[in-house]
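Here the structure is laid out as structure tokens; the discussion comes afterwards.
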Amino acid sequence: MYKTIVIGTGPAGLTAAIYLARANLSPLVIEGLQPGGQLTTTTEVENFPGFPEGILGPDLMENMRKQAERFGAQFKNGWVESVDFSQRPFRVKVDGLGELEAESVIISTGASARYLGIPGEQENVGRGVSTCATCDGFFFRGKKIIVVGGGDSAMEEASFLTRFASSVTLVHRREELRASKIMQDRARENSKVTWALNRTPLAVTVGETGVKGLTVRNNETGLEELVEADGVFVAIGHTPNTGFLGGQITTDANGYIVVNPGTTETNIPGVFACGDVQDTRYRQAISAAGTGCMAAMDAEKYLEGTMVHDWSESLDK
Ligand SMILES: Cc1cc2nc3c(=O)[nH]c(=O)nc-3n(C[C@H](O)[C@H](O)[C@H](O)COP(=O)(O)OP(=O)(O)OC[C@H]3O[C@@H](n4cnc5c(N)ncnc54)[C@H](O)[C@@H]3O)c2cc1C
């Protein structure tokens, strides 16, 4: 039986593991299908504090893992299929490892960005295709950018990217946008934003020097067109990785874990959540790491029996 099982090895899970290991709690960390998390799919990370020259995403994650191992965190490769939080100790069923028991559990399984699923997209992530304007906008100074999407986050990303880009073209498959009026107005008032509405994305088109633009079908004429750009930002939302919880943890309508504000406590005492899986707003490596630290400290207090907040009842209501 483990004192704490950490599910997920992105910046949140690994930071939790470092703190737990340094508190002598020898956590077991389950890696999932993406050891190191989302940052292993990118190249330069320029906004993680402490690396003035930037650091490659996979290197940053390898460093965090080594730091956790140095203090005694154990890692196991596996995918959590289901959990049973109805009894104590908690049970965590891991593909290939069977059922593991723990006194406390930290959920740090992230939220996966949704992609369009079109040719040229996946192979160019980090090479002209991005799902994070805050992370990658800076790489497109003076360049042409496409933002795909029709919701609030697409409008926000488009407006934000005009700080760097020479122009931003918003591509959406319908004429109408889902975004709120205020967000639409903000984007429409921005002279750098142009619109390619009623266009269905078909492929990310690549030339000799990288991404050339997005091939779309004009739904009015039925003809294919190339919307030229150096970068394509896909802003069609994220899916939090919470399916394995089987409804035992309170989530919002979109599946994000609800925590008591200012803590990492979920509706079940002893189960904590950190990182993107509970973050509908920031979704950054440093904010994930910050909440990972909080989850470890919350778990430590819970295990000591000195947890002062337990808001689980209020969350159930
Ligand atoms: C291409 C790209 C570039 C980015 N660039 C930057 C950047 O420059 N700067 C920045 O601050 N942020 C960047 N981000 C965002 C950043 O990567 C995320 O905010 C951060 O990784 C979230 O950390 P996390 O620990 O919450 O989750 P994740 O990194 O998503 O890790 C989730 C972990 O959970 C595991 N997991 C999921 N489900 C299960 C399961 N059922 N069982 C076991 N394990 C499971 C996965 O294997 C993974 O290890 C970028 C994101 C992407 C996609």
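A compact table of results
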item	result
Ascending count of other beta-carbon atoms within 10 Å, so fewest first, for L223, L177, L14, L197	L223, L197, L177, L14
Pairwise label distance in nanometres, E46 with C132, each label 7 Å out on the Cα-Cβ vector	1.4 nm
Alpha-carbon centroid distance for the pair the stretch 135-193 / the stretch 257-294, whole angstrom	28 Å
Dipole in debye (nearest 20) - the stretch 198-317, about Cα centre, beta carbon charges: Lys, Arg +1; Asp, Glu -1	160 debye
Dipole in debye (nearest 20) - the stretch 115-234, about Cα centre, beta carbon charges: Lys, Arg +1; Asp, Glu -1	240 debye
Per-peptide average of other Cβ atoms within 10 Å, ordering 32-44, 87-99 highest first	32-44, 87-99
DSSP beta bridge pairing in the stretch 115-234, given as percent antiparallel to the nearest 5	45 percent
Exposure proxy order (Cβ contacts within 10 Å, fewest to most) of M1, M61, M183	M1, M183, M61
DSSP beta bridge pairing in the chain, given as percent antiparallel to the nearest 5	50 percent
Cross-link table K3/K76; K93/K301; K3/K301; K3/K93; K76/K301, entries beyond 22 Å C-alpha to C-alpha	K93/K301; K76/K301
In the stretch 140-179, the GluC sites (Glu not before Pro) that fall in loop regions by DSSP, at most 13 other Cβ within 10 Å	E175, E176
Test item: Cα-centred dipole of the chain, Lys/Arg +1 and Asp/Glu -1 on Cβ, debye	420 debye
Neighbour-count order for Y19, Y302, Y282, fewest beta carbons within 10 angstrom listed first	Y282, Y302, Y19
Inter-label distance, nm, simple model (7 Å from Cα along the C-beta direction), I286/K66	2.3 nm
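The numbers here are math on the coordinates, done by the rules we state, and not lab data. Small disclaimer: the values here were computed from a predicted structure and weren't measured. When we count neighbours, we look across all protein chains shown, and the Cβ atoms used for this are built from the backbone with ideal geometry, even at glycine.
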